[in-house]
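Structure record follows, encoded as structure tokens.
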């Protein structure tokens, strides 16, 4: 399993979700989990995203990859049981898709407080994801949760940012920054970013066209992604890790006219690495450290 290393600058960890390899296979059928993990490693990723309902501790250890675990959370009674099982599977970070779209904010704040208390007790790095069909489904709900938690706990709530969801809710046109970066401080406090290319009407758009060239829509999105990384680096001390996942997943996000999703993932990862290095060259240690 990959180990943390000290660094003179902030560190990016390129992660691939196994959801991007859903449906991939050969004449024998869909690839096994082990085969997908080899594909991720051979492609040069540092780690992968999945759930403990899909991978187990033995598979994680054998992969030699960092494991970022995603889980659902429906209420307080589940918290410790789920976190303990995730910790046993050697997850470095945890991403929680919490409650439901119609959960009242006071209830969401209560659950988030109990979740983060348990994470502290167990020594785990846990974030609440901004995601559809959860208590953070809209920007208003996500920011209300963050504000309520901060008022109660006198510290910010660590969140996983997937900006495709609020972009679609608001049907935004590019450039996206001014509407999506309402709380830059919460972006800076985060250490998990899910980068699925989007526009204001589709939570997933192709990165490449049929000729292997970047689509205009992807280039509009990439400008936003670079600003997110630049914002994060402004407050990042040396050695702080950022787990970045380029996503092109199957299911409802995928349209039949899209090309090869894995090729898109590799192209997205390459561009994120490029703009990260561009912004990292400008990096200076912050005077005030967050996170």
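The values are calculated or read from the model by the stated rules, or taken from the named source; none is laboratory data. No experiment lies behind these values; they were computed from the predicted model shown. Neighbour counts run over all protein chains shown; Cβ positions are idealised from the backbone, glycine included.
Evaluation of residue 31 against the conditions (1) more than 24 Å from residue 161 (Cα to Cα); (2) out of contact with any strand residue (DSSP E or B) (no Cβ under 6 Å at 6 or more places or on another chain); (3) without any contact (Cβ under 8 Å) to a residue 60 or more places away in the chain shows that the sole unmet condition is (2).
Quick grid of which residues meet (1) free of Cβ contacts under 8 Å to residues at least 60 places away in the same chain; (2) assigned to a loop (DSSP other than H, G, I, E, B):
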position	(1), (2)
140	yes, no
165	yes, no
169	yes, no
173	yes, yes
188	no, no
198	yes, yes
201	yes, yes
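Scanning the stretch 165-188 for residues that are closer than 25 Å to residue 107 by Cα and within 15 Å of the chain's Cα centre (by Cα) yields 165, 166, 186, 187.
Given 157, 145, which one is in contact with a helix residue (DSSP H, G or I) (Cβ under 9 Å, 6 or more places away or on another chain), closer than 15 Å to residue 97 by Cβ, in a helix (DSSP H, G or I) and at pLDDT 95 or above?
Details: 157 fails: in a helix (DSSP H, G or I).
Just a single option satisfies the conditions, and that option is 145.
Would it be correct to say that residue 218 is surrounded by 15 or more Cβ atoms within 10 Å (Cβ to Cβ), in contact (Cβ under 8 Å) with a residue 12 or more places away in the chain and not in a helix (DSSP H, G or I)? For residue 218, the condition - surrounded by 15 or more Cβ atoms within 10 Å (Cβ to Cβ), in contact (Cβ under 8 Å) with a residue 12 or more places away in the chain and not in a helix (DSSP H, G or I) - is not met.
Go through 109, 93 for me and flag whichever is surrounded by 15 or more Cβ atoms within 10 Å (Cβ to Cβ) and under 18 Å from residue 134 (Cα atoms).
Numbers: 93 fails: under 18 Å from residue 134 (Cα atoms).
The match here is 109.
Collect the residues in the stretch 53-70 that are outside any helix (DSSP H, G or I) and buried (at least 20 other Cβ atoms within 10 Å of the Cβ), keeping them in residue-number order. Break it down into steps so the answer makes sense when it comes.
Keep residues of the stretch 53-70 that are outside any helix (DSSP H, G or I), which gives 53-56, 64-70.
55, 65, 66, 67, 68, 69, 70, listed by residue number.
Among residues of the stretch 35-55 that are under 14 Å from residue 22 (Cβ atoms), those with a beta-carbon under 6 Å from a residue that is assigned to a loop (DSSP other than H, G, I, E, B) at least six positions away or on a different chain give the pairs 48/65.
Note on the stretch 35-44: residues that are part of a loop (DSSP other than H, G, I, E, B) and buried (at least 22 other Cβ atoms within 10 Å of the Cβ) amount to 0.
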